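The values are calculated or read from the model by the stated rules, or taken from the named source; none is laboratory data. The structure presented is a predicted model; accordingly, all values stated were derived computationally and were not measured. Heads up, the Cβs are rebuilt from the backbone with ideal geometry, glycines too, and the neighbour counts pull from every protein chain shown. Surface areas here come from the heavy atoms of the whole protein model, side chains and all, with no ligands, DNA or RNA. Shrake-Rupley method; radii C 1.70, N 1.55, O 1.52, S 1.80 Å.
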Amino acid sequence: MNGKTCMTCQASLQADDRAIYMKLVSRTAQHFLCIDCLGAKLSCGREPLEKLIRYFRESGHCVLFR
């Protein structure tokens, strides 16, 4: 685990995967979950997380999504 792959499924991570994990779980995280695994962990699925990412990016107030 090197912060470039999901801790659970080993999928390659994108910047949004890391950013939403840091926003919702731990700002100091070094290891991450992909959006699908994070959605499963939070029992909400992928779509609500994608909506949050869109919201944070459009708001321009969160430095993680710039």
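When the residues of segment 6-28 are filtered to those that are among the basic types (Lys, Arg) and either farther than 15 Å from residue 55 by Cα or in contact with a His (Cβ under 7 Å, 6 or more places away or on another chain) (or both), which remaining residue is surrounded by the fewest Cβ atoms within 10 Å (Cβ to Cβ)? Among those that are among the basic types (Lys, Arg) and either farther than 15 Å from residue 55 by Cα or in contact with a His (Cβ under 7 Å, 6 or more places away or on another chain) (or both), it is 27. In segment 5-28, the residues that are over 14 Å from residue 62 (Cα atoms) form Cβ pairs under 9 Å with partners that are open to solvent by less than 70 Å² (accessible area, probe 1.4 Å) and at pLDDT below 95, at six or more places apart or across chains, as follows: 13/3. A Cβ distance below 8 Å, combined with a sequence gap of six or more or placement on separate chains, defines the contacts here; from segment 38-66, residues that are closer than 18 Å to residue 13 by Cα reach residues that are assigned to a loop (DSSP other than H, G, I, E, B) and open to solvent by 70 Å² or more (accessible area, probe 1.4 Å) in the pairs 49/42; 57/66.
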